[in-house]
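The values are calculated or read from the model by the stated rules, or taken from the named source; none is laboratory data. What you are looking at is a predicted structure, and each value in this text was computed from that prediction instead of being measured. Here the Cβ is made from the backbone with ideal geometry for all residues, glycine too, and neighbour counts use every protein chain on show. What goes into the accessible areas is simple: the full protein's heavy atoms, side chains included, and nothing from ligands, DNA or RNA. Shrake-Rupley method; radii C 1.70, N 1.55, O 1.52, S 1.80 Å.
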Protein chains: 2
Amino acid sequence: MASPGSGFWSFGSEDGSGDPENPGTARAWCQVAQKFTGGIGNKLCALLYGDAEKPSESGGSQPPRAPSRKAACACNQKPCSCPKADVNYAFLHATDLLPACDGERPTLAFLQDVMDILLQYVVKSFDRSTKVIDFHYPNELLQEYNWELADQPQNLEEILMHCQTTLKYAIKTGHPRYFNQLSTGLDMVGLAADWLTSTANTNMFTYEIAPVFVLLEYVTLKKMREIIGWPGGSGDGIFSPGGAISNMYAMLIARFKMFPEVKEKGMAAVPRLIAFTSEHSHFSLKKGAAALGIGTDSVILIKCDERGKMIPSDLERRILEAKQKGFVPFLVSATAGTTVYGAFDPLLAVADICKKYKIWMHVDAAWGGGLLMSRKHKWKLSGVERANSVTWNPHKMMGVPLQCSALLVREEGLMQSCNQMHASYLFQQDKHYDLSYDTGDKALQCGRHVDVFKLWLMWRAKGTTGFEAHIDKCLELAEYLYNIIKNREGYEMVFDGKPQHTNVCFWYVPPSLRVLEDNEERMSRLSKVAPVIKARMMEYGTTMVSYQPLGDKVNFFRMVISNPAATHQDIDFLIEEIERLGQDL
Amino acid sequence: MASPGSGFWSFGSEDGSGDPENPGTARAWCQVAQKFTGGIGNKLCALLYGDAEKPSESGGSQPPRAPSRKAACACNQKPCSCPKADVNYAFLHATDLLPACDGERPTLAFLQDVMDILLQYVVKSFDRSTKVIDFHYPNELLQEYNWELADQPQNLEEILMHCQTTLKYAIKTGHPRYFNQLSTGLDMVGLAADWLTSTANTNMFTYEIAPVFVLLEYVTLKKMREIIGWPGGSGDGIFSPGGAISNMYAMLIARFKMFPEVKEKGMAAVPRLIAFTSEHSHFSLKKGAAALGIGTDSVILIKCDERGKMIPSDLERRILEAKQKGFVPFLVSATAGTTVYGAFDPLLAVADICKKYKIWMHVDAAWGGGLLMSRKHKWKLSGVERANSVTWNPHKMMGVPLQCSALLVREEGLMQSCNQMHASYLFQQDKHYDLSYDTGDKALQCGRHVDVFKLWLMWRAKGTTGFEAHIDKCLELAEYLYNIIKNREGYEMVFDGKPQHTNVCFWYVPPSLRVLEDNEERMSRLSKVAPVIKARMMEYGTTMVSYQPLGDKVNFFRMVISNPAATHQDIDFLIEEIERLGQDL
């Protein structure tokens, strides 16, 4: 813990005059904070009084340059005994840190100072009075600071400043009003686990170099398969770098299952293969087909109903059509939680069709998989247990830090046969332990980042019931939003009915458009509303929510809630903010 | 900085009796450490006296359980004013941390305690008296601790223990005697940057949600292209999840450049494509060909000379052979730094051949790319500037934490055309900033981890000259090893001559084999030597180095040096250790 007086770097406001925007509150808060024992009071207080973001705000195109100084000890004990008082970063370089001789002391001081900067950012991230984003246009940002790489080293004072500056311009993805992506929020245990992962700095391909992490992957994937409903949690799987790659794996394995000769002979040796997925599915299915040499033309997009769910009869019709042409249907990818509408395809009906035509059933539950943790909502994925493979991204609805995406496969050994190349220099067969734990040869990657530990540690900390509570709360918040806006003046829902996931899709119609007839001109004007409101949100930095067109529907807002920090008040705020920023349009 | 007395968790040895293995040294060290002002003295001292690894060593199948207690404040001030003294983790759960109301204080305490655990691990990693690995067989490790996931949450005391236990069983990849992989070492600035990346917790696909990181990727890739030698650093590129994926990108883009219709029509629409790479190249080329629907049979392995370099005349012969069969050569992947021998293919000769036959030239410099930073060694990659694409993994020779792999492409815009799917819900075309910074649509991934920041920050801290010094030092150490063993009794070099990279490949021949004739029996016995020595190394935990067979050569050691912590003494140690562990075989 920080020493009494161990300081955040305090640039600017060195006179302690406090938060210029709200000096009264800041001072009162600081008085409260000071009552905490030890360093936390100072730390919290420094958050209010010492503003690490100042140098660059005032810096213009100048890199921020405090006068060369000893480490910014803001200690109030004189004479100062802080270790920092003896560490002058202006004279230290990376070469003075470990493994340098006598490197322990500057290393501990430096890493602790980095940590102070990070802790300050973490606390700020959850503070509604801070901006979600301090927006700058790309050219501005490029010129605002010197980002260039040079021949000569910089000292550690400069390095610490770069850390602060980088965070100043970063998006606070943990901010309670950040709703922009399917992955939002910042989980403290997940963060701690990710720091540990970085510190362990290893690679997943063998048990030899990642013993614990390989076992934790084994344990965690098995648990996920149990939750999917595969008997005894049997099967296979891997953590991959994102849902798009997980989906590509599914396609790759499905193809191999049907035509193992494709591995050696390529697509030239097999008939024309066809994959089916809904028109609302994620673009990664097409991207995967392009990469795998299947071609995007061989991905048939199945029609959806008005709620964005795949229509099974259209699926069957298109399968028959493909077969009549002599093509071979090899994969159906159903979506459990579409990106925009949050729709769940009817998995049971899809499973019946896949069974009937002997087609690999994949479920892209990257976004919706989290609902399997909720007794209240898991029925939306009924039938997922009949899938041959499932993509499930804990970094989305379960709030695990980026990246954490799992591909689960029902049949054991298939991934290995599909991908193994038997590189003897990596996967020696005469090692002294059970080689079945060397997972590298079933991956497309050689080196593979440790993505499992943050999920595992969060799971221990929250329990399945903790994930359930988080998910139920997000779904409840989405329903709250839906209930407020469905009949509110100035809002139109993109589809009728209560959302199945946390996606709430709507247009905000400014007063000037409400009087117009529903014609092309109105559509054209409406299409410009969301982009302008979004741009203003980013410039004010108050909140972020995504918008997009879809099919014949012009730009609408897609609100999603996966952020554990969000509350009813934040939903209220969002609505008010949209109206504030859009009423003049 | 840590407060005076802010403690590491001190399990066991609470009586301060010190390091049982070496109590005198530990006590002396501790006395020195205490002279440091502030908390560092205590911290260093706690490293010696409080052994965080103890609980699990004694725990057997029981999860380690200290009696329920307040946070392990090891403060020597009584009455204790450490903030930890008021934080009882046994009664706290993840739900008490931010964003919970009043969550700041437990959050700061918890994260600081995690950080203390990590700092302790960092310092231990560089301590030659600690083990590189505390080896357990998979089944042992599965039973040694309860790793299972449950419905109910665990308290934060348990979570902190899991962090300690995980690190106890982790490999110390930064240890000066860890030589097992191409990626070794633990850079302090890189580590700090990776912690920051975790804290920022965002995704690379748009400028909107990763403004600074997207710009830093732009700046860094441009710099890398300049160093490769492409005029003005022009071109394209991306950080991808590892060298295997970078190589797959190269193959994908090369195919698209020649036959853009493959994106829609698949491999069925194009003639049979052939890729060429050396028999010593990385297995990812074949893996990529299998995935992309090209097929492993269409990857022709070109013969290497005795040093592992591709023979250009054989390349040309095989290209002609393929053309005569009506196949279309579309890619040559030359290797700059092979995995086992560290060989550099003759890039200029390969470039001439690629030019003559109009074939895409890729250079897999995942391992050797770092040498471009060295004025002394970069000649080994002469001709790389003529490549169409280059894989370069800063996480290998440049010591950047895992993962950090770049694919650089000479022609701008090609990646985008090859991979874009125009998903309007992600890459809105009516945003208010310059969309050329939205890099997501040129990637195969959708979500993409921020891999650039650690490289960028290290580059600022070391400068190009710092990387150069590191690389020159590693090469010098490899030469030192080579010079010692080339004529030493009991060693046989796998290939003659000074290593070009840091790979030194050799057999250790135990005394009992030195007298045998060079026949099959000797080979068979020799093949068992390296695996046994390696197993013993791991069980003692003293060092780790890799071994493998290659072609008709039985198991030999492949020593590689990328670890900035390694010294001449560590090389001496390795030799002695091999002899100690192998002399009875």
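When residues in segment A:84-132 are screened for being part of a loop (DSSP other than H, G, I, E, B), at the interface with another protein chain (Cβ under 8 Å from one of its Cβ atoms) and open to solvent by 30 Å² or more (accessible area, probe 1.4 Å), 2 of them pass. Among the numbered conditions (1) facing chain B (nearest Cβ under 9 Å); (2) surrounded by 24 or more Cβ atoms within 10 Å (Cβ to Cβ), the only one that residue A:175 does not meet is (1). Across segment B:249-271, the qualifying residues are those that are open to solvent by less than 10 Å² (accessible area, probe 1.4 Å) and in contact (Cβ under 8 Å) with a residue 12 or more places away in the chain, and the one among them that is farthest from residue B:346 (Cα to Cα) is B:266. Only one entry of A:200, A:269, A:275, A:244 meets the criterion of being facing chain B (nearest Cβ under 10 Å), more than 24 Å from residue B:196 (Cα to Cα) and over 21 Å from the mean Cα position of the chain (by Cα), and that entry is A:269. Counting only residues that are open to solvent by less than 10 Å² (accessible area, probe 1.4 Å) and among the polar types (S, T, N, Q), segment B:272-303 holds 4 of them. Applying the selection to segment A:279-316, what residues are more than 14 Å from chain B (Cβ to nearest Cβ) and outside any helix (DSSP H, G or I)? Once the filter is applied, which keeps residues that are more than 14 Å from chain B (Cβ to nearest Cβ) and outside any helix (DSSP H, G or I), segment A:279-316 yields A:302, A:303, A:304, A:305, A:306, A:307, A:309, A:310, A:311. Selection of segment B:288-334 for residues being among the acidic types (Asp, Glu) and out of contact with any Asp or Glu (no Cβ under 8 Å at 6 or more places or on another chain) yields B:305, B:314, B:316, B:321.
Scanning segment A:299-331 for residues that are within 28 Å of residue A:561 (Cα to Cα) and in contact (Cβ under 8 Å) with a residue 24 or more places away in the chain returns A:301, A:302, A:303, A:304, A:306, A:307, A:308, A:309, A:310. Filtering B:189, B:219 for residues that are of a type outside the set (D, E, K, R), out of contact with any Phe, Trp or Tyr (no Cβ under 7 Å at 6 or more places or on another chain) and facing another protein chain (nearest Cβ under 7 Å) leaves a single hit, B:189. Against the test of being within 12 Å of chain A (Cβ to nearest Cβ), touching a Cys at 6+ places or on another chain (Cβ under 8 Å) and of a type in the set (A, V, I, L, M), the options B:332, B:340 yield a single qualifying residue, B:340. Among the residues of segment A:199-213, are any out of contact with any helix residue (DSSP H, G or I) (no Cβ under 9 Å at 6 or more places or on another chain) and either free of Cβ contacts under 8 Å to residues at least 24 places away in the same chain or open to solvent by less than 10 Å² (accessible area, probe 1.4 Å) (or both)? Yes, segment A:199-213 contains a residue that is out of contact with any helix residue (DSSP H, G or I) (no Cβ under 9 Å at 6 or more places or on another chain) and either free of Cβ contacts under 8 Å to residues at least 24 places away in the same chain or open to solvent by less than 10 Å² (accessible area, probe 1.4 Å) (or both). Among the residues of segment A:264-278, those identified as closer than 20 Å to residue B:251 by Cβ and either in contact with an Asp or Glu (Cβ under 9 Å, 6 or more places away or on another chain) or assigned to a loop (DSSP other than H, G, I, E, B) (or both) are A:264, A:265, A:266, A:269, A:270. For the structure I just gave you, tell me whether residue B:233 is surrounded by fewer than 24 Cβ atoms within 10 Å (Cβ to Cβ), of a type in the set (Gly, Ala, Ser) and modelled with pLDDT of 95 or more. Here the answer is yes, as residue B:233 does meet what is asked. The lone criterion from (1) open to solvent by 60 Å² or more (accessible area, probe 1.4 Å); (2) not in a strand (DSSP E or B) left unmet by residue B:492 is number (2).
Sort out which residues of segment B:404-413 are more than 16 Å from residue A:291 (Cβ to Cβ) and either surrounded by fewer than 19 Cβ atoms within 10 Å (Cβ to Cβ) or out of contact with any Asp or Glu (no Cβ under 6 Å at 6 or more places or on another chain) (or both), and write them in order of number.
B:405, B:406, B:408, B:410, B:411, B:412, B:413
Kindly establish whether residue A:161 is more than 8 Å from chain B (Cβ to nearest Cβ), closer than 28 Å to residue B:461 by Cβ and under 24 Å from the mean Cα position of the chain (by Cα). For residue A:161, the condition - more than 8 Å from chain B (Cβ to nearest Cβ), closer than 28 Å to residue B:461 by Cβ and under 24 Å from the mean Cα position of the chain (by Cα) - is not met. Checking each residue in segment B:382-402 for being hydrophobic (A, V, I, L, M, F, W, C) and surrounded by fewer than 24 Cβ atoms within 10 Å (Cβ to Cβ) picks out no residue at all. Just one of the listed residues (B:416, B:429) is assigned to a helix (DSSP H, G or I), farther than 18 Å from residue B:216 by Cα, open to solvent by 10 Å² or more (accessible area, probe 1.4 Å) and of a type outside the set (Gly, Ala, Ser), and it is B:416.
Among the candidates B:540, B:508, the residue that is crowded, with 24+ Cβ neighbours inside 10 Å, over 27 Å from residue B:242 (Cα atoms) and away from chain A (no Cβ under 11 Å) is uniquely B:508.
Test each condition in (1) closer than 23 Å to residue A:221 by Cβ; (2) touching a Leu at 6+ places or on another chain (Cβ under 7 Å); (3) modelled with pLDDT of 95 or more for residue B:189 and report the one that comes out false. Going through the list (1) closer than 23 Å to residue A:221 by Cβ; (2) touching a Leu at 6+ places or on another chain (Cβ under 7 Å); (3) modelled with pLDDT of 95 or more, residue B:189 breaks only (1). Of all residues in segment A:432-447, those satisfying the criterion of being more than 7 Å from chain B (Cβ to nearest Cβ) and touching a helix residue (DSSP H, G or I) at 6+ places or on another chain (Cβ under 7 Å) are A:439, A:441, A:442, A:443.
Looking for something open to solvent by less than 10 Å² (accessible area, probe 1.4 Å), within 16 Å of residue A:360 (Cα to Cα) and at pLDDT 95 or above - is there at least one such residue anywhere in segment A:304-314? So far as segment A:304-314 goes, no, none of its residues is open to solvent by less than 10 Å² (accessible area, probe 1.4 Å), within 16 Å of residue A:360 (Cα to Cα) and at pLDDT 95 or above. Within segment B:136-164, the set of residues being open to solvent by 30 Å² or more (accessible area, probe 1.4 Å) and among the aromatic types (Phe, Trp, Tyr) comprises just one member, B:137.
The set of residues from segment A:512-522 being open to solvent by 60 Å² or more (accessible area, probe 1.4 Å) and in contact (Cβ under 8 Å) with a residue 24 or more places away in the chain comprises just one member, A:514.
Of the listed requirements (1) within 11 Å of chain B (Cβ to nearest Cβ); (2) more than 30 Å from residue A:373 (Cα to Cα); (3) open to solvent by less than 20 Å² (accessible area, probe 1.4 Å); (4) in a helix (DSSP H, G or I), residue A:458 misses just one: (2).
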